[in-house]
Structures are given as C-alpha cells and as structure tokens.
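Novice: Please read through the structure below; I'll follow up with questions.
The values are calculated or read from the model by the stated rules, or taken from the named source; none is laboratory data. Note that the coordinates shown come from a computational prediction; the quantities given were computed from them, not determined experimentally. Cβ placement follows ideal geometry from the backbone for every residue including glycine, while neighbour counts extend to all protein chains displayed.
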Amino acid sequence: MDCALHYDATVTLPPAPAARKALAALYSRILVPLDGSSIAESALPYARLLCRAFSSPIELISVNETEITPRSVAQRLRSFNTPQHQVTSEDLSQVVATLTGAACKTTYTLAEGNAANRIVQAAESAPRTLIVICTRGRSGIKRWMLGSVTDKVVRTSTTPVLVVRGNARSEESIKVERVVLPLDGSPLAEQAIPHAAALASALKAKVTTVFVAPPNP
C-alpha cells in the first residue's frame, strides 16, 4: 500500500515592501473566465482576494463559442427549455465596475471561438498569468458544459491555474487557512513549491506538505 507523510509549516517572506515586490513578481495578472452564469462568478471573490494579496490586476475573459463542440451542442439543447444568453460587453462592464470599486484594477476581453483554447491563449499572451476558474462540482449535463472547459484548461495551460468550486460565497466568508502541497519526489511536482509558499505567505496560511511514496515492488 502507499505510504503518506505530511507536516505543517508556516511560511514567511521578508517584511514589506520587499514581500510585496516578491509576491507581485510571481503573478503579474489574474485571468478570470466568465460565461454569464452566477456559478462562474463564484471565482470572483477569490480573484479579489488574490488581487489585494498580490497587487495584481484582474482581466475578465468571456468566450461566445462559435465552433460546434459537445459543449456548444449541449448549450443549444438546453436553450429549448431556458433562454440562451450570450455574454455582452455591457455584462462584463458591470462586473468590471464592481471589482474596480473593490480597489482592483480590472479589464475585460470578449472573444469568440473554442472557450478552453481562447482562455489558454489569453493566459499565455502575458507572462506570469494566474487563471482563476470555476467548476460546477456537479455531475450530469451542467458539468459537461462548464466542467469540460475547466478540465481542458487545467490539462493544456502552461500557466498556473486555481480551480474554484462553484457556489455562491461572499468575499467576507472566504478565508484560506491552509495550503496543501502534494509532492512525490519529482521535479515536476516541486514546481508547485514557490506558488504554495507565495499563497500561504500572502494569505497568512499554513502549508501542509503531503508526500506520498509509491509501494515497494
């Protein structure tokens, strides 16, 4: 059987302004994909939290799909029962105004094409971008639509991705107390260490490192 070891640690960075400079250097932009649903907007409180912690601007992106994909077909099937809503510049402008009022510099991009591909392209267009994206965390057709985009973004993005479970929560109710860092001894897994350390330091959270050793042959 597998053997798992874990330990807790408190991570600190040098005092401000050195700490702020170090954190800002890690994430120069926070990219938040939206699809016009309240579920997708569950990522916004986390984006605000990270914007204030890292002093990083937020960019919203919404993609109106024009390609025929299983997700777009599912949307069209659903539209027979519920009105189909295409995200507009006015919709995104309203969200921008809310975030700007919360002291977060925010812009938006409205695009067309394959949602996952355009999100990944937008993230890779600027260095040190962090994607904050929501998943429905449910089964069935709803997960097929939004969840499949999140899954593809996680699998294909070369930039860091923070996945948020979709539920309505206010920013005041969000409190990150622990960052779990899974390691397996590989250089690939260790690439997450600076991100876990930065998040823990910025959010005043503890880091729990979990090391899982493979079973002996």
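Novice: Does residue 66 satisfy the criteria of being surrounded by fewer than 16 Cβ atoms within 10 Å (Cβ to Cβ), at pLDDT 75 or above and over 30 Å from residue 194 (Cα atoms)?
Specialist: Spelling it out, it is not the case that residue 66 is surrounded by fewer than 16 Cβ atoms within 10 Å (Cβ to Cβ), at pLDDT 75 or above and over 30 Å from residue 194 (Cα atoms).
Let's see how each residue does on (1) closer than 23 Å to residue 131 by Cα; (2) modelled with pLDDT of 60 or more; (3) surrounded by 13 or more Cβ atoms within 10 Å (Cβ to Cβ); (4) within 23 Å of the chain's Cα centre (by Cα):
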residue	(1), (2), (3), (4)
4	no, no, no, no
18	no, no, no, no
28	yes, yes, yes, yes
49	yes, yes, yes, yes
57	yes, yes, yes, yes
73	no, no, no, no
89	yes, yes, no, yes
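Novice: Suppose we filter segment 97-120 for residues that are without any contact (Cβ under 8 Å) to a residue 40 or more places away in the chain and surrounded by 19 or more Cβ atoms within 10 Å (Cβ to Cβ); how many remain?
Specialist: Residues in segment 97-120 being without any contact (Cβ under 8 Å) to a residue 40 or more places away in the chain and surrounded by 19 or more Cβ atoms within 10 Å (Cβ to Cβ): 1 in total.
Novice: Select from segment 207-217 the residues that are farther than 22 Å from residue 164 by Cα and in contact with a strand residue (DSSP E or B) (Cβ under 8 Å, 6 or more places away or on another chain) and write down the one among them that is modelled with the lowest pLDDT.
Specialist: Restricting to residues being farther than 22 Å from residue 164 by Cα and in contact with a strand residue (DSSP E or B) (Cβ under 8 Å, 6 or more places away or on another chain), the top hit is 215.
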